[in-house]
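Notes to accompany the following structure.
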Amino acid sequence: MRARTVPISAMIDFFQYVPTYWSKDDHDFRYNDSDNETDRQPLPDTGISLFHEQLPIAAPGAQAPKTYRTIRVRRDVQIWLTEGRDYRSANKSKDGPDKTMWGQEQREWLKWTLKASDAKWKLVISPTPMVGPDDAYKKDNHASLQGFRHEADAFFNWVKRAEIDNLFLMCGDRHWQYHSIHPSGINEFAVGALNASTVSNPL
């Protein structure tokens, strides 16, 4: 049975009263599972510039604005929002140490800021899954068998070596809700689709 969508009026009401943080994924950027390859419209530069235009994440006119960021929400809670489209390698590239979704600068920033944080609870919010499960045909995320698994595994290994405690992952993009636990012990929660059934009967 097809899930009922949330009425647009409910979304308008929601955003009038609830502040939000935004990150982008494929459909906010170009098209389904898109990377920075091909000359199919819209072009990558168009998708990147439109996102900055429509969402006030960086100051207008900022040079090389970044959408990845960290926010100390409370004394005990800090969140990280990662950027998964702007810096990625081609989805079809062979997985390995040179294939990245984050890019070297963001990857090192993520590790440095996690290590420096004294927040008790650390929440990394990713547009796409890192643990999964995922559809077998997918190639565009950290959980995909033919995707970016090397970068994800390297990150999980680093978290263990760096002794980063109380780290949780939250992701979008999956059209179902789940809670998975990586072999390293890191928990991932997928928010699932925004439709009438998940709004009225949350997980």
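The values are calculated or read from the model by the stated rules, or taken from the named source; none is laboratory data. Not measured: the values here are computed from a predicted model. Because the Cβ atoms are built from the backbone with ideal geometry, glycine has one as well, and the counts that use them run over all protein chains shown.
Points worth noting:
- Taken over region 181-193, residues that are within 14 Å of V124 (Cβ to Cβ) and either free of Cβ contacts under 8 Å to residues at least 40 places away in the same chain or outside any loop (DSSP other than H, G, I, E, B) (or both) amount to 6.
- Taken together, S117, S49 contain a single residue that is closer than 25 Å to H142 by Cα and modelled with pLDDT under 95, which is S49.
- Residues in region 3-24 that are in contact with a strand residue (DSSP E or B) (Cβ under 9 Å, 6 or more places away or on another chain) and either of a type in the set (K, R) or not in a loop (DSSP other than H, G, I, E, B) (or both) were compared, and the one that is modelled with the highest pLDDT is T5.
- Residues of region 92-121 satisfying the condition of being of a type in the set (K, R) and touching a Phe, Trp or Tyr at 6+ places or on another chain (Cβ under 7 Å): K99, K111
- Against the criterion of being hydroxyl-bearing (S, T, Y) and buried (at least 20 other Cβ atoms within 10 Å of the Cβ), S126 qualifies.
- Residue among N36, N32 that is closer than 17 Å to F148 by Cα and loosely packed, with under 11 Cβ neighbours inside 10 Å: N32
- Filtered residues of region 143-158 (kept if over 16 Å from the mean Cα position of the chain (by Cα) and at pLDDT below 95): L145, Q146
- Any hit, region 132-139, residues being surrounded by fewer than 17 Cβ atoms within 10 Å (Cβ to Cβ), of a type outside the set (A, V, I, L, M) and more than 18 Å from F168 (Cβ to Cβ): yes
- Pair list, Cβ < 8 Å and 6+ apart or interchain, from region 68-80 residues that are within 14 Å of V124 (Cβ to Cβ) to residues that are surrounded by fewer than 16 Cβ atoms within 10 Å (Cβ to Cβ) and of a type in the set (K, R): V77/K120; Q78/R72
- Some residue of region 164-183 being over 23 Å from K66 (Cβ atoms), out of contact with any Gly (no Cβ under 7 Å at 6 or more places or on another chain) and buried (at least 19 other Cβ atoms within 10 Å of the Cβ): no
- Residues in region 122-139 that are over 18 Å from A162 (Cβ atoms) and touching a Phe, Trp or Tyr at 6+ places or on another chain (Cβ under 8 Å): I125, P133.
- H27 meets all of the listed conditions (1) modelled with pLDDT under 90; (2) within 23 Å of H175 (Cβ to Cβ); (3) not in a loop (DSSP other than H, G, I, E, B) but one, namely (1).
- Leading residue by the ranking (farthest from W102 (Cα to Cα)) among those in region 53-89 that are of a type in the set (S, T, N, Q) and surrounded by 12 or more Cβ atoms within 10 Å (Cβ to Cβ): Q78
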